[in-house]
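One structure is given below, encoded as structure tokens.
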Amino acid sequence: MKELYRNLAKQNLIKNKRIYVPYILAQVLMVALFYNLLFLEGNPNISLLPGGETIQQMLAYGALLMSLFVMIFLFYVNSFLMKQRKKEFGLYRVLGMEYRHLKRVVFYETCLANVTAFAAGIVAGILFSGLLYMILLKMLGVRSALVFGISGGGIILSFFLFGFLFLLVLLYNLRQLRRLKLSELLQAQAQGEREPKAKKGLMVFGIVNLAIGYLIALFVRNIFASLPWFFVAAVFVVIGTYALFTAGSIIFLKKIKANKGQYYTPRYFTAVSGLLYRMKQNAAGLAGICVLSTMILVTCCVSVSVYIGQQHAIRTLFPADIMVTVSGSTNPEQDLDYIKEQSEKAADQIGISVEDVKLGELSDVDKNIQLLEGTQNVEITLSGEEKEKYECSKLLELNQDDSSHTYALAHFACKQSPSDGTASIKATYGGFLFLGIFLGTMFMSATVLMMYYKQISEGYEDRKRYVIMKKVGMSADEVKESIQTQVLLVFFLPLAMASVHILVALKIMIKICGILSIGWGTVLLSTIGTVLVFGAIYIGVYRQTAKAYYAIVDQQ
Amino acid sequence: MELLKVEQVQKIYTTRFGGNNVQALRDITFSIEKGEYVAIMGESGSGKTTLLNILATLDQPTKGKIALEGTDLGRISEKKAAKFRREQLGFVFQDFNLLDTLSVKDNILLPMVLSGFSHKEMISRLKPIAARLHITELLEKYPYEISGGQKQRTAIARGLIMNPKVILADEPTGALDSHAAMQLLEVFGEINQDGQTILMVTHSTEAASHAKRVLFIKDGIVYHQIYRGDRSREEMYQMITNVLTAIATGGER
Ligand SMILES: Nc1ncnc2c1ncn2[C@@H]1O[C@H](COP(=O)(O)OP(=O)(O)OP(=O)(O)O)[C@@H](O)[C@H]1O
Ligand SMILES: [Mg+2]
């Protein structure tokens, strides 16, 4: 008996491969990404790097964020799959399967799909971990060899996350099966064909939310408060987007429909009625695509700006290769000479030369800290490799004791050696970019998956309509044109909305980047670049998924 | 007056991967006068749907000629065929073929909208047709909210709204219970009385006995035909049964 259920489960998955393969692939990718996040987060080699702890902390936050997202997203996709298959389950019931039989089939199906995905994900994760390790180090500005390692902790934690998700999904699926009555199972698809209602209240609610979110984003003053506000604004915008997509689109279409002279024309008739139906089915999915696109754009814009702005930030924060802070100095000229002498000695030992030693300005941070009287910054510029400069600074630091003997009143402190300084900056900024790309990949794959499912589910629905319209007297071209307009409109609505969101978010992004000493020009440019690249990818994905759509629609 | 002329039509389906060719129609010739009510009968797989699809310009014959009031249907482009279908022909299908996204009213108006009529004109044509088919109360409903018989009457209204030269019906009673089927046949009878030409493919002897003429298709040709003339419906029913038995037992014409 067991065999039978297992075989049936396997066959079901194969039969539904059009919807299950993408689901499993997405899960494999999520598992692999999650494992790698944990792998890098716990990697001892990275924590030894300069600034390594900062980056690992960022990765830990990333892992937390990702686990939240993965749970919500994969759960949503699973519920979509179940909805698509309601009719199939109904048929099984009609053919004489009882709930307890069906329960076992679904149990095996869920196990098979999720266990396969998890195993494949871990294997893929391990295979790619070396590569990701190298990429991360490169972004941190450290050269390294390909290393191979397995993180037991990473596997266990991934297991817990996806195991928990699996249990949730399983419970949900079984509950869905039990809750449905036979008649409903068979009619599941006809249910969606009711004319959608115009929910004015929801639309107003959406507009209000969106307005609040936008206002917060536009009028937050305090730079340091902007980060938490950013999330508050994001929550409002997400809610607003959902409400607006679900209610706004339908109200708009109904308005056109109410205008008889306009509605009853070839141009609007099929398109408006089709769109009404489509928006009802897909508004939530579209809002999801819009929100995801916005997330991708924000993540990538910030990461890219941070990465591009890195050099500039290093220069403003560390104008020289070595900075020496002298406190309690009574004779700056004498100190300067002394430091010059010391640094030349150190440089000689390493085999490089000193280019310039001068008194520098005090930074804002220095001014804020209550400093001793007579504090001076001395900036030393060296020629040579980063590594040599780094060694030179270490030597200088060693000589510090010496100097305090000679100049009793002056304390030399090698405030931050150049490599330490730039390394920690590079770690933060490179880490930002890495995490950005990481999360961007995740959001992107989620977006692609949602687009794909949207196309597939619509394809099956549209096929019937396509045939009828042809019979009733539309030419193939007319039908295709009408459908294409609808599909295109529906597809690019989220992108357009996401672009508006980004425009509003730009201000807050500039502020956040300002904390990291990145100019607004850089942010603006990288935003434009990111939006263009993303738009291109979006169109590419649309084209690919549209192929799947037309393959279904054109089926004989 | 001769309305539809079908001459030596042949249809061969070629399977995609070079498999066996199926000869659905071998040599079909017949013609239909204006105002006639013709039923086409034949065993399952004898090519009835194929013939109807060809008449509807949804498919092209491999050989032969079809003309509606002298217009050669084999020679018009796909685009013109769509317009032709919309304006000259009315369809009634076994599975109704209503768009689930449109209300009953909009389903009926679809061909008029596509042809660019004004809304006023649409309503003035819709009213009498809806009344005659007893669907006036249903106009604002959606297809999933109405019964099979009501759906079929909606489909007939859509078929009639353009004042087509001929109504083509494929198994219109196929998905209906006997009561709804009776109602439908009555409607067909009435509209035929008003001068509407009807060509109906059917399996049901009952349905065919309403027609004024019945064509029997077998082995891809018109095997036999009978006229109702002055006979009563019961007599017609009996005659059809006799022919069908003869065909089934391989008897003479
Ligand atoms: N698209 C097609 N490709 C290949 N063969 C086809 C195609 N459509 C129909 N046929 C074949 O042509 C023959 C006639 O089919 P058709 O559908 O016209 O029969 P029918 O008389 O309408 O049958 P029924 O009463 O069952 O509806 C059948 O043998 C069928 O298998
Ligand atoms: Mg047929």
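Taken residue by residue and averaged, Cβ atoms of other chains lying within 10 Å of the Cβ of A:266-272 number 3. 3J(HN,Hα) along the stretch B:91-99: 10, 9, 10, 4, 9, 6, 6, 9, 7 Hz, from the Karplus curve 6.51 cos²θ - 1.76 cosθ + 1.60 with θ = phi - 60°, whole Hz, x for Gly and Pro.
Bridges between two residues of the stretch B:136-249, per DSSP, are antiparallel at a rate of about 55%. Answer rounded, prolate or oblate for the stretch B:44-193, using the Cα gyration tensor with square roots of eigenvalues a ≥ b ≥ c: rounded when a/c is under 1.5, else prolate when a/b is larger than b/c, else oblate. Note, shape of the stretch B:44-193 comes out oblate. Shape class of the stretch A:38-149 from the alpha-carbon gyration tensor: prolate, with a/c at 1.5 or above and a/b greater than b/c. Annotation: amide H-H contacts under 5 Å for B:Gly35 (H modelled 1.01 Å from N, sequence separation of 5 or more, or interchain): B:Thr197. Scanning residues 5 or more positions from B:Val201 or on other chains, those with amide H under 5 Å from its amide H are B:Ile40, B:Ala169, B:Asp170, B:Glu171, with H placed 1.01 Å from N in the peptide plane.
Shielding value for A:471-482 is 6, the average number of Cβ atoms from other chains within 10 Å of each residue's Cβ.
Summing charges over neighbours of B:Lys34, with a neighbour being any other residue whose Cβ is under 10 Å away from its Cβ, gives -3 when K and R count +1 and D and E count -1. What the phi angles of the stretch A:262-273 give under the Karplus curve with 6.51, -1.76 and 1.60, with θ = phi - 60°, is a coupling list of 7, 4, 7, 10, x, 5, 9, 3, 5, 5, 5, 5 Hz, glycine and proline written as x. Label point of A:Thr265 set 7 angstrom out along Cα-Cβ; within the stretch B:116-140, amide nitrogens under 12 Å from it belong to B:116-119. Under the shape rule built on the C-alpha gyration tensor, where the axes satisfy a ≥ b ≥ c, the protein assembly as shown is prolate, since a/c reaches at least 1.5 and a/b is greater than b/c. Spatial offset of the stretch B:169-213 relative to the stretch B:70-120 amounts to 21 Å, using the alpha carbon center of each.
The mean sequence separation of alpha-carbon pairs under 8 Å and at least six residues apart, normalised by the residue count of chain B, gives a relative contact order of 26 percent. Sequence-ordered 3J(HN,Hα) estimates for the stretch A:492-509 from the Karplus curve with 6.51, -1.76 and 1.60 and θ = phi - 60° stand at 9, 4, x, 5, 4, 4, 4, 5, 4, 3, 4, 4, 6, 5, 3, 4, 5, 5 Hz, glycine and proline given as x. Between B:Leu25 and B:Lys11, the built amide H atoms are under 5 Å apart, and every one of these is 5 or more places off in sequence or on another chain. The distance between label points at A:Phe75 and A:Glu341 comes to 7.1 nm (points 7 Å beyond Cα on the Cα→Cβ vector).
Extension gain for A:Gln334-A:Leu25 works out to 104.4 nm (0.36 nm per residue, less the C-alpha to C-alpha distance). For the stretch A:213-284, which trypsin sites (Lys or Arg not before Pro) are both in a DSSP coil and crowded by at most 13 other Cβ atoms within 10 Å? Within the stretch A:213-284, the qualifying trypsin sites (Lys or Arg not before Pro) (loop, at most 13 other Cβ atoms within 10 Å) are A:Arg221. A cut-off under 11 angstrom between Cβ atoms defines the neighbours of B:Gly70, and their net charge, with Lys, Arg +1 and Asp, Glu -1, is -2.
When both bridge partners sit in the protein assembly as shown, DSSP labels roughly 65% of those beta bridges antiparallel.
Measuring r between the beta carbons of A:Thr54 and A:Phe492 and using R0 = 56 Å, the FRET efficiency lands at 0.90.
Residues with beta-carbon under 11 Å from that of A:Phe230, excluding A:Phe230: net charge, scoring Lys, Arg +1 and Asp, Glu -1?
That works out to +2.
Take the alpha-carbon centre of the stretch A:238-304, take the same for the stretch A:471-521, and report the distance between them in whole Å. A separation of 11 Å, based on Cα centres. Shielding of peptide B:141-152 by partners, expressed as the average count of other chain Cβ atoms within 10 Å per residue Cβ, is 1.
Every read-out reported here was derived from the displayed coordinates using simple, explicitly stated rules and does not represent laboratory data. Treat the numbers as computed from the prediction; the structure is a model and nothing was measured. We place every Cβ from the backbone using ideal geometry, glycine too, and count neighbours over all the protein chains shown.
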